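The values are calculated or read from the model by the stated rules, or taken from the named source; none is laboratory data. Not measured: the values here are computed from a predicted model. Backbone-built Cβ (ideal geometry, glycine too); neighbour counts: all protein chains shown. SASA here: full protein model, heavy atoms, side chains in, ligands and nucleic acids out. Shrake-Rupley method; radii C 1.70, N 1.55, O 1.52, S 1.80 Å.
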Amino acid sequence: MMAPLAGTDATLIVADVAVIGAGPAGIAAATRAAESGLRVVVLDRGLETGGQIWRHMSGGPVPRMAQRWIAQLSRSGAQVIHGTSVVDVQHEDAEFEILADSSGSALRVRAGRIILATGARELFIPFDGWTLPGVMGIGGAQALLKSGASFAGKRVIVAGSGPLMLPVAASLANSGAKLILVAEQARRSAVMRFAAGLWRAPALVVQAARYRARFLSTSYSTGTWVTAAHGADRLESVTVTNGRRTWREAVDVLCTGYGLVPNIELARLLGCDTRDAVIVVDAQQRTTVANVLAVGEATGIGGEPLSLIEGEIAGSVVSPRARISDALLRKRAALEIAARRMLDAFALRQELRSLPTGGTIVCRCEDVSYGAVKDAVCARQAKLYTRVGMGPCQGRTCMPGLDFLLAWQPDTVRPPIEPALVSVLSSELADDAAASILFNSSVGEAYQ
Amino acid sequence: MTAHHDAVVVGAGIVGAACAEALSRSGMSVLVLDASFAGSGTTAAGMGHLVVMDDSPAQLALTAYSGRLWAALAPELPRNVEHEACGTLWVAEDDEQLEAVRAKQSVYADSGVATEILSPAQLAEAEPHLRPGLAGALLVRGDAVIYPPNGARALLQRAITNGASVREGVRVNAIGAREVIAGNERISCDCVINAAGALAPELTPGIPIVPRKGHLVITDRYPGFCRHQLVELGYLTSAHTMTTESVAFNVQPRATGQMLIGSSRELVGWDGSINRSIVRRMLDRALDFMPGLALASAIRTWTGFRPTTPDKLPLIGSWDEMPGLWIAAGHEGLGITTSVGTGQLLADLITGRAPAIDPAPFAPSRVLAGVGEH
């Protein structure tokens, strides 16, 4: 267990491998690495193992496959530290030193390898009224459902893009919500082509059919999107369009999101190359920085099965007797094809670039309107002149949407990459700091 | 061939913007050029403290003069400049520093700057989150803070209203005799003002300006936690002495309720990366004075480069090596404050009016004469 902190001293953990993120990719990577005898520490922001997907998207009890993996992880000897966000990382000699805010205390982790499994977050595109109470993210709605919030009797529209809308719509229908419409912005032909290609991944077809069955009475409209939300103090109605016809629907709740954005801030701080906002990795999941690997959604949105396989591969690559089975590589290749098909099918339509009007609030933290930023020459200029993306969330919510709308390149990354207590940033290791005992001393010796 | 201008200002930081404002107000036709966009260099990184400082009589004269100009300007500034008349508290840790506070008070009084000395109890009431046991403080009510990038833009906007034009994204390759060369363009003019800050030596070789790096940390919003700009008395020593690195306690309340935590000084060339050990030392110093900051959430850090001269005074005046060339650069950590004084002084010199303060200490020729650190 972690040693109590004295003053502003940081706790130190020394490991062979530090895995950042305990979603499916991080779990698989940590499990395989720890099974090989390495000392593995997993740092996760959440309070439970499983990441966003198993925490929020499963729409019910933790799925059986997830339970199996979580059990394997706990048997593997990897140590998971929850409530911990990584704020900085430095590279010294052959070792990385990670600084984390661990439930308000400073934690430093030294490790020879890092596996980034930082996942993804929802992409929001701002439109008039999106800040009204009653409008929420698709993932946010799922989180509310899991925490016991009731949508019973509420008129709900789920609008946006991507396969994640299906399980959320199913959960909402299950919980008694009056689901009025599920609006997918992608064209019908593209979605159908994608669905037809799913024979490569039969489990997904079954799953999708099961979700769809739960809200059969509701229309699933492709080529349809919400352009504005209306209401005095809270959401009362939304404007919906399919490009030909535009109409109003009275609603209590709008769940919206346009897919996922990889979390690449830590990778960029480490100096890893990124391309199209995704961490670049080779066939062994290695990034362009030595001893840094990356897995899961942060290397490209591909879903849970692909994340697990990438995690397994990375966990094996760092193992003393690295051996990757051909079966794993073949499975990854097939799933990568499916992932590309999915991204193509749900590509965002051009019309969405004109969703916000001049008066639309784009940054809720700093109350900045679209009109104030749309003529900026770059993200940095907009930030300096208007404070867009400079509030407590540091642009995590608004900047990906603005990057999409205005084709901005992401600004530079500096520590802390997440807000951190001043006491954490100013913490130092005590002169006599000893690594806290997390590992059985004989375990690490397998790694030579 | 571009039209002829009376003056071309190179650099749209806050100093270049203030020069353009003052020159255009004097009736000159002014063109401002910037390689990037207005306020994007040192201006963007600065704290925005409008402060009277007394490291030298000349510094005191320029900062006090500039303070008066800012105060006159304040009611006309757009809201996004976030002018807040929060005052400065120079905090004394012990009786020896309190003696220095008394000396400071009389020096300020001689320059017409009103101050008050706060007892430990008054200090605790004014700033409840400072640690107990401090000896007192000097309160300079006239000091203020602004948001620097928008301060620069507001001055530029006034220049534009006076008829000036501004071209951003135009990199000046060379400054010649009464002309500026930018890409394939030769822009002719009666005078060129090199206001390129820490980059000024690239265009005018021989200017002894070096970049002096600083770090800042900004917190989430804690309205009322800190009410004045708080500076330790030792700050002046940190700013004056040209050591390789130093830190000093310097915390500023922003209009948003956020706090800026500074300050640091390093001579490391143009390396803009975050130096973790300096950030730690800086935060430690801040925690020493304000222990409650430990539980504040820090949301961002950044660095910037102060254009620093050997005697810590800016270069304001003609550059005799090149006909028609004037310098307005080298403002170290005081450029936001002294921008408006610099602009007015330079405009007075160029148009042949009598300046309000003695220009001699700022004359660029002093560095040609080899004035070193004093």
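Miscellaneous remarks
- Among residues of region A:19-47 that are acidic (D, E), those with a beta-carbon under 7 Å from a residue that is in a loop (DSSP other than H, G, I, E, B) at least six positions away or on a different chain give the pairs A:D44/A:G21; A:D44/A:A22; A:D44/A:H82.
- Cβ-Cβ contacts under 6 Å between residues 6 or more apart (or on different chains), taken from a first residue in region A:252-279 that is of a type outside the set (A, V, I, L, M, F, W, C) to a second residue that is open to solvent by 10 Å² or more (accessible area, probe 1.4 Å) and in a helix (DSSP H, G or I), are listed as A:P262/A:E297.
- Single residue of A:G359, A:G371, A:G311 found to be under 30 Å from A:R193 (Cα atoms) and among the small types (G, A, S): A:G311
- Residue in region B:274-281 that is at the interface with chain A (Cβ under 7 Å from one of its Cβ atoms), outside any helix (DSSP H, G or I), surrounded by fewer than 21 Cβ atoms within 10 Å (Cβ to Cβ) and out of contact with any Cys (no Cβ under 7 Å at 6 or more places or on another chain) present: yes
- Residue match in region A:98-117 (condition: of a type in the set (V, I, T), in contact with a helix residue (DSSP H, G or I) (Cβ under 6 Å, 6 or more places away or on another chain) and under 22 Å from A:E304 (Cβ atoms)): yes
- Screening region A:280-313 for residues that are small (G, A, S) and closer than 24 Å to A:V89 by Cβ and picking the one that is surrounded by the most Cβ atoms within 10 Å (Cβ to Cβ) gives A:G296.
- Going through (1) assigned by TED's automatic domain parsing to the domain that holds B:A248; (2) open to solvent by less than 40 Å² (accessible area, probe 1.4 Å) one by one, B:L77 falls short only on (1).
- Among the residues examined, B:A239 qualifies as farther than 24 Å from A:S427 by Cβ, in the same structural domain as B:I117 (by TED's automatic domain parsing), modelled with pLDDT under 95 and open to solvent by less than 20 Å² (accessible area, probe 1.4 Å).
- Output for region B:145-192, where each listed residue is among the β-branched types (V, I, T) and farther than 18 Å from B:L69 by Cβ: B:I160, B:V166, B:V170, B:V172, B:I175, B:V180, B:I181, B:I187, B:V192
- Filter result for B:T256 (of a type outside the set (G, A, S), away from chain A (no Cβ under 12 Å), open to solvent by 10 Å² or more (accessible area, probe 1.4 Å) and out of contact with any strand residue (DSSP E or B) (no Cβ under 6 Å at 6 or more places or on another chain)): no
- Any chance B:D271 is under 20 Å from A:D88 (Cβ atoms) and either touching an Asp or Glu at 6+ places or on another chain (Cβ under 9 Å) or more than 9 Å from chain A (Cβ to nearest Cβ) (or both): yes
- Within region B:211-227, the only residue that satisfies the criterion of being open to solvent by 10 Å² or more (accessible area, probe 1.4 Å) and in contact with a Leu (Cβ under 7 Å, 6 or more places away or on another chain) is B:L216.
Residue by residue, here is whether (1) more than 14 Å from chain A (Cβ to nearest Cβ); (2) over 19 Å from the mean Cα position of the chain (by Cα); (3) modelled with pLDDT of 95 or more; (4) closer than 18 Å to B:P201 by Cβ holds:
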{"residue": "B:G292", "(1), (2), (3), (4)": "no, yes, yes, no"}
{"residue": "B:S297", "(1), (2), (3), (4)": "no, yes, yes, no"}
{"residue": "B:L315", "(1), (2), (3), (4)": "yes, no, yes, yes"}
{"residue": "B:A328", "(1), (2), (3), (4)": "yes, no, yes, yes"}
{"residue": "B:T338", "(1), (2), (3), (4)": "yes, no, yes, no"}
{"residue": "B:L346", "(1), (2), (3), (4)": "yes, no, yes, no"}
{"residue": "B:V371", "(1), (2), (3), (4)": "yes, yes, no, yes"}
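- B:R178 more than 14 Å from chain A (Cβ to nearest Cβ), out of contact with any helix residue (DSSP H, G or I) (no Cβ under 8 Å at 6 or more places or on another chain) and among the charged types (D, E, K, R): yes
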